[in-house]
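This report refers to the structure that appears directly beneath it.
The values are calculated or read from the model by the stated rules, or taken from the named source; none is laboratory data. Since the model is a prediction, treat every value here as computed from it, not as a measurement. We place every Cβ from the backbone using ideal geometry, glycine too, and count neighbours over all the protein chains shown. Ligands, DNA and RNA are stripped out before the accessible areas are found, and what is left, the full protein with its side chains, is counted by its heavy atoms. Shrake-Rupley method; radii C 1.70, N 1.55, O 1.52, S 1.80 Å.
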Amino acid sequence: MRIFVTGGAGFIGSALVRHLVENTTHEVLNFDKLTYAGTLTTVERVARSNRYRFVQGDICDAEAVRAAIAEFKPDVVTHLAAESHVDRSIDGPGTFIQTNMVGTYTMLAETRAYWLGLDEDARAAFRFHHISTDEVYGSLGDTGLFTEETSYDPRSPYSASKAGSDHLVSAWGHTFGLPVLITNCSNNYGPYHFPEKLVPLMIAKALAGEPLPVYGKGDQVRDWLYVEDHVRALQTVFERGRPGRTYNVGGNNERQNIEVVTAICGILDRLRPRADGRLYAEQIASVADRPGHDKRYAIDASRIQGELGWEPAETFESGIAKTVEWYLANEAWWRPLVEAKAAERRGVAA
Ligand SMILES: NC(=O)c1ccc[n+]([C@@H]2O[C@H](COP(=O)([O-])OP(=O)(O)OC[C@H]3O[C@@H](n4cnc5c(N)ncnc54)[C@H](O)[C@@H]3O)[C@@H](O)[C@H]2O)c1
């Protein structure tokens, strides 16, 4: 199949592009604006494949989207391009509304125009797959899980913009009959994660001997999913998922943020001990909590497991060990991004 991937230079999009080129026979078009969060070094190792091509473009630019779709003639659009960092959405929500909502609208409108021009079989087989987050469901107490029936209750400008984009996708399915799929996924981690996000930020700061900033008590709970498990789930859904359906994707790996940071410190103690013989955990420092910080997210992934047979392959322990090892071996990838000062504290709403 011909897969049109938006946001394929970012963290999850690039993992999807690498996976599709390396492990399937699909052709891939990577459509990405290359914002601060996107870099082509994430897809360098597949860039020479004759089943891969790249177009630099903005999902809000209807003409650019139209031209790329017309030229590539996709069977599937997997839409990942977004502003994705909650802290940045507190500092500057406007870009999130523009990219995540107006951009998704533009993708839907241009995809629909193309889809209407296909013959009947191709129209029936076509899929528009929107990649979203569990943050649209709001925050859980100590118990319970998000299912696909959980009411939307977004709390941050980021999650509100993703909730809005989910509703647009759903409306294009109901109103116009576009064969849409939505996946809502928990926190991802793994290689090529931009070093402003928790896991790579902690690794970079630990190695630099800097304080490891943990919001409040670090007792917020997230359900961690290794990015390569996520992209296998995405492939499963766009190949075999039922149009009009939502699938939650999660790793069954709930951890408090402080547990994640402590695990990273423990692996670094083993693989790259501090020169002064002290432990990395001594660098942990509490900072003022993020405003409106959701307490707990946890996913019930039984639908995708039961209906489509997808299972995560990594436990948190195996995935986080692989991730730390990858960052130690690939400093040349992340060091320049850290040095570009992209990893400053944000989202204080001051
Ligand atoms: N990271 C997570 O844990 C997580 C969890 C669930 C869902 N998601 C969703 O998955 C998707 C990908 O997340 P990510 O972590 O890879 O994000 P990312 O920030 O690493 O990458 C986003 C990519 O989109 C591109 N982009 C941004 N604005 C664009 C525009 N206007 N036009 C074209 N390209 C644009 C960027 O250049 C970048 O390559 C997002 O939709 C996000 O909401 C992420």
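Taking 0.36 nm per residue of sequence separation and subtracting the Cα-Cα distance, how much length would be gained by fully extending the chain between Glu317 and Ser170, in nm to one decimal?
Between Glu317 and Ser170, full extension yields an extra 49.3 nm.
Can you list the lysines whose alpha carbon is less than 26 Å from that of Lys162, not counting same-chain residues fewer than 8 positions off?
Lys33, Lys197, Lys295
Between the helical axis of 198-207 and the dominant principal axis of the chain, each derived from Cα atoms, what acute angle in degrees is found, rounded to the nearest 10?
40 degrees
Before rounding to the nearest 500, sum -39500 (n - 2.57) across all DSSP H runs of length at least 4 in the chain and divide by the residue total; then give [θ] at 222 nm in deg cm²/dmol.
After summing the helix terms and dividing by the residues of the chain, the value is -12500 deg cm²/dmol.
Taking only C-alpha pairs under 8 Å that are 6+ residues apart, what is the relative contact order of region 79-233 in percent?
25 percent
With a bin width of 10 angstrom, please list the P(r) values of the chain as percents of all Cα-Cα pairs, from the 0 bin to the one holding the largest distance.
With a bin width of 10 Å, the distribution comes to 5, 25, 36, 24, 8, 1, 0.
Can you tally the net charge around Val43? Count Lys and Arg as +1, Asp and Glu as -1, for every other residue whose Cβ sits under 13 Å from the Cβ of Val43.
Net local charge, Val43 excluded: +2.
Sort out for me the Cα centre separation of region 264-291 from region 194-215, rounded to whole Å.
9 Å
Rolling a 1.4 Å sphere over the protein heavy atoms, what is the accessible area per residue of the chain, to the nearest Å²?
41 Å²
Let me check against my output: what whole-number percent is the relative contact order of region 2-51, with C-alpha pairs under 8 Å and at least 6 apart?
43 percent
Let me check against my output: what whole-number percent is the relative contact order of the chain, with C-alpha pairs under 8 Å and at least 6 apart?
Normalised by residue count, the contact order of the chain is 18 percent.
Karplus couplings for region 290-300 from phi (6.51 cos²θ - 1.76 cosθ + 1.60, θ = phi - 60°), rounded to Hz, Gly and Pro as x?
5, x, x, 5, 5, 6, 8, 10, 8, 10, 9
Please compute the modelled spin-label separation between Ala329 and Arg272, points set 7 Å along Cα→Cβ, answer in nm with one decimal.
Taking the simple label geometry, Arg272 and Ala329 are separated by 1.4 nm.
Return P(r) of region 236-350 (all Cα-Cα pairs; 10 Å bins starting at 0; whole %; ordered from short to long distances).
Percent of Cα pairs in each bin: 10, 26, 34, 23, 6, 1.
In degrees from 0 to 90, rounded to the nearest 10, what is the angle of the helix 227-240 Cα long axis to the longest principal axis of the chain?
Helix 227-240 sits roughly 20 degrees off the main axis of the chain.
Would you mind telling me the share, in percent, of accessible area of the chain contributed by carbon and sulfur at probe 1.4 angstrom?
Heavy-atom surface of the chain belonging to carbon and sulfur, 1.4 Å probe: 50 percent.
When the chain is modelled as a GNM with alpha-carbon springs shorter than 10 Å, which of Gly13, Gly103, Gly216 fluctuates the most?
Comparing Gly13, Gly103, Gly216 in a Gaussian network model of the chain, the most mobile one is Gly216.
Can you tell which of Pro191, Pro200, Pro211 shows the greatest fluctuation in a Gaussian network model of the chain with Cα springs below 10 Å?
Pro211
If the elastic network links every pair of Cα atoms under 10 Å, which of Asp61, Asp134, Asp229 fluctuates the most in the Gaussian network model of the chain?
Among Asp61, Asp134, Asp229, the largest mean-square fluctuation in the Gaussian network model of the chain belongs to Asp61.
Please return the longest range in the chain lying between exposed loop sites, taking trypsin sites (Lys or Arg not before Pro), DSSP loop only, at most 10 other beta-carbon atoms within 10 Å, and leaving the sites out.
The longest such stretch corresponds to 49-340.
Can you send over the solvent-accessible area of Thr143, 1.4 Å probe, protein chains only, in Å² to the nearest 10?
Accessible area of Thr143: about 110 Å².
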